[in-house]
Amino acid sequence: MKSLCILGLGYVGLPTASLFATAGLKVTGVDTSPHVVRSLKDGFVHIEEAGLNTVVTAALASGNLVVEARPVEADAFIICVPTPVRADHTMDDGAIRSAAESLISVLKPGNLVVLESTVSPGTTRNFLIPILEKSGLKAGENLHVAYCPERVLPGHVLRELIQNDRIIGATDETSGRITRELYSKVVEGNIAVTDSTTAELSKLMENTYRDVNIALANEFSEICNHLGADAREVFRLANRHPRVKILSPGPGVGGHCIPVDPWFLVEACPDLCRLIRTAREVNDGRPAQVVQRLRQIVGNPPGRKISLLGLTYKPDVDDVRDSPAIHVMELLKQAEYGLGLYDPHVKRSPFELHGLIPALESTDCIVILTDHSEFKFLDPRQIASVVRSKHVLDTRGSLDASRWAAEGFTVHRF
Ligand code: SAJ
């Protein structure tokens, strides 16, 4: 296999395209956003991700990676487009449909098409293949189709693309074999081959497992707060048991995967997903609980200012998609609190951000919503001189509470 066309140049597609190009394949990266195509053609990488700039720049410079607005003929195609959840909690298959339809006119006998997007069970067989077969080719005969879910953690994408184990959901023997051959060019982890529905379910269950466990940590933390115990100290001790690993409580679960994927299982089997649905509700309810705690700490508006530190959905990334911090911000705005907003990682945003000191000036409470590394170096002494009231609500348990207490701050646990 020598040429590859990757559809979708987001946080999975772009690094994947660059790694295959660096491994010597001729790769065409395709994106429907003219902005993404234009910036990459100009050599500008539109995603903040450790090491990505270097790899993309090298791949473009080598000539092995080119960027286009439409797919071109190739030996294999990889679809890495988003699958968001609709308001009614069903999978929005629009981007996969468009990507698959855009391939109909370029597919040739012997081609391989791999889907990487997270999808509801059965999508590869019942949705993707029928669209691809409009090309006149027949899956399992002269067209090979597989599902190979991405499993990378934002912030560690390049390392995990290479090192993580991969699952290939093959739709026939040849598709399993040639997909393994293709991914072996860049993946150092083990590659397991199974059928496509098993692979789809394994991806959904990985993220649902995490969501349910985070919900449990959040519920445990409420119990601890109610009983006046320090949840993180309780968890630290409980986690000394060799088979217990309680995750970290926080202001909710964000990003474009974990809050979305459990719904695809609920969609497939609504009557069987009682725990999964409840976990989603627990995690979705966390931003409102942050606001409730803030009301207890600072009282009601008007005339109260709250400073939100960290707006991304998790630390050390620039991604604010479905961030719990954004939900907290919106709820506080609706309630008419004055706001100071600071996030050193967010470069472009639809709302106005402030510098650190302007965000904190005359505030009634500082809220840590994302545990960015640089927040460990905040100076409570300097901050004490600009705030109105010395309250901190640390929703991530990331501050050294004794340093802040030494400067007169009350540090509230969450
Ligand atoms: N979070 C907590 N407590 C924790 C861990 C996470 O509140 O103990 C929150 C984070 O702050 C964040 C959200 O959960 O808001 C999700 O963050 P994450 O780091 O758990 O996961 P993602 O969404 O960045 O990436 C996940 C990963 N899946 C798993 O770890 C099972 C990644 O491997 C997947 O590739 C990715 O989803 C995906 O694309 O599906």
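Some observations on this one:
- Just one of the listed residues (376, 347, 333) is part of a loop (DSSP other than H, G, I, E, B), open to solvent by 10 Å² or more (accessible area, probe 1.4 Å) and either of a type outside the set (Gly, Ala, Ser) or modelled with pLDDT of 95 or more (or both), namely 347.
- Taking the range 256-310 and the helices (runs of 4 or more DSSP H) fully enclosed by it, the elements with 1 or more residues that are open to solvent by 60 Å² or more (accessible area, probe 1.4 Å) and more than 30 Å from residue 91 (Cα to Cα) are at 286-298.
- Within the range 293-312, tally of residues that are in contact (Cβ under 8 Å) with a residue 60 or more places away in the chain and under 11 Å from residue 371 (Cα atoms): 3
- Among (1) crowded, with 22+ Cβ neighbours inside 10 Å; (2) within 19 Å of residue 70 (Cβ to Cβ); (3) not hydrophobic (A, V, I, L, M, F, W, C), the one test that residue 18 misses: (2)
- A count restricted to the range 122-147 and to residues that are away from the ligand (no atom under 16 Å from the Cβ) and in contact (Cβ under 8 Å) with a residue 24 or more places away in the chain stands at 18.
- Leading residue by the ranking (farthest from the chain's Cα centre (by Cα)) among those in the range 38-57 that are more than 16 Å from residue 348 (Cβ to Cβ) and hydroxyl-bearing (Ser, Thr, Tyr): 57
- Single match in 181, 150 (criterion: under 19 Å from residue 17 (Cβ atoms), out of contact with any Leu (no Cβ under 9 Å at 6 or more places or on another chain) and in contact (Cβ under 8 Å) with a residue 12 or more places away in the chain): 181
- Neighbours by Cβ (under 7 Å, 6+ apart or cross-chain): first from the range 80-91, farther than 24 Å from residue 30 by Cβ and of a type in the set (Ser, Thr, Tyr); second open to solvent by less than 90 Å² (accessible area, probe 1.4 Å) and modelled with pLDDT of 95 or more: 90/267
Let's see how each residue does on (1) within 22 Å of residue 150 (Cα to Cα); (2) out of contact with any Leu (no Cβ under 7 Å at 6 or more places or on another chain):
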site	(1), (2)
63	no, yes
74	yes, no
77	yes, no
80	yes, no
86	yes, yes
115	yes, no
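- The range 196-231, subset open to solvent by less than 20 Å² (accessible area, probe 1.4 Å) and of a type in the set (Asp, Glu), residue farthest from the ligand (Cβ to nearest atom): 200
- Number of residues in the range 36-70 that are under 10 Å from residue 18 (Cβ atoms), in contact with a Gly (Cβ under 8 Å, 6 or more places away or on another chain) and not aliphatic (A, V, I, L, M) equals 2.
- Residue within the range 341-361 that is within 16 Å of the ligand (Cβ to nearest atom) and within 25 Å of residue 292 (Cα to Cα) present: yes
- Some residue of the range 82-97 being at pLDDT 95 or above, more than 16 Å from the ligand (Cβ to nearest atom) and acidic (Asp, Glu): yes
- The range 379-396: number of residues that are open to solvent by less than 40 Å² (accessible area, probe 1.4 Å), within 16 Å of the ligand (Cβ to nearest atom) and in contact (Cβ under 8 Å) with a residue 40 or more places away in the chain: 2
- Members of the range 357-373 found to be of a type in the set (A, V, I, L, M), buried (at least 20 other Cβ atoms within 10 Å of the Cβ) and not in a loop (DSSP other than H, G, I, E, B), listed by number: 359, 360, 366, 367, 368
- With respect to being open to solvent by less than 20 Å² (accessible area, probe 1.4 Å), touching a Gly at 6+ places or on another chain (Cβ under 8 Å) and under 22 Å from residue 1 (Cα atoms), residue 113 falls outside the description.
- Every test in (1) within 12 Å of the ligand (Cβ to nearest atom); (2) modelled with pLDDT of 95 or more is passed by residue 256 save one, and that test is (2).
- Looking only at the range 311-330, and only at residues there that are crowded, with 18+ Cβ neighbours inside 10 Å, assigned to a helix (DSSP H, G or I) and not aliphatic (A, V, I, L, M), the one that is farthest from the ligand (Cβ to nearest atom): 327
- Only listed residue being in a helix (DSSP H, G or I), buried (at least 22 other Cβ atoms within 10 Å of the Cβ) and either away from the ligand (no atom under 16 Å from the Cβ) or under 27 Å from the mean Cα position of the chain (by Cα) (or both), chosen from 179, 174: 179
- For the condition open to solvent by 40 Å² or more (accessible area, probe 1.4 Å) and touching a helix residue (DSSP H, G or I) at 6+ places or on another chain (Cβ under 8 Å), residue 162 qualifies.
The values are calculated or read from the model by the stated rules, or taken from the named source; none is laboratory data. Note that the structure is a prediction, hence the values are computed from the model and not measured. Positions of Cβ are backbone-derived with ideal geometry, glycine not excepted, and every protein chain shown enters the neighbour counts. All accessible areas refer to the heavy atoms of the entire protein, side chains included, with ligands and DNA or RNA removed. Shrake-Rupley method; radii C 1.70, N 1.55, O 1.52, S 1.80 Å.
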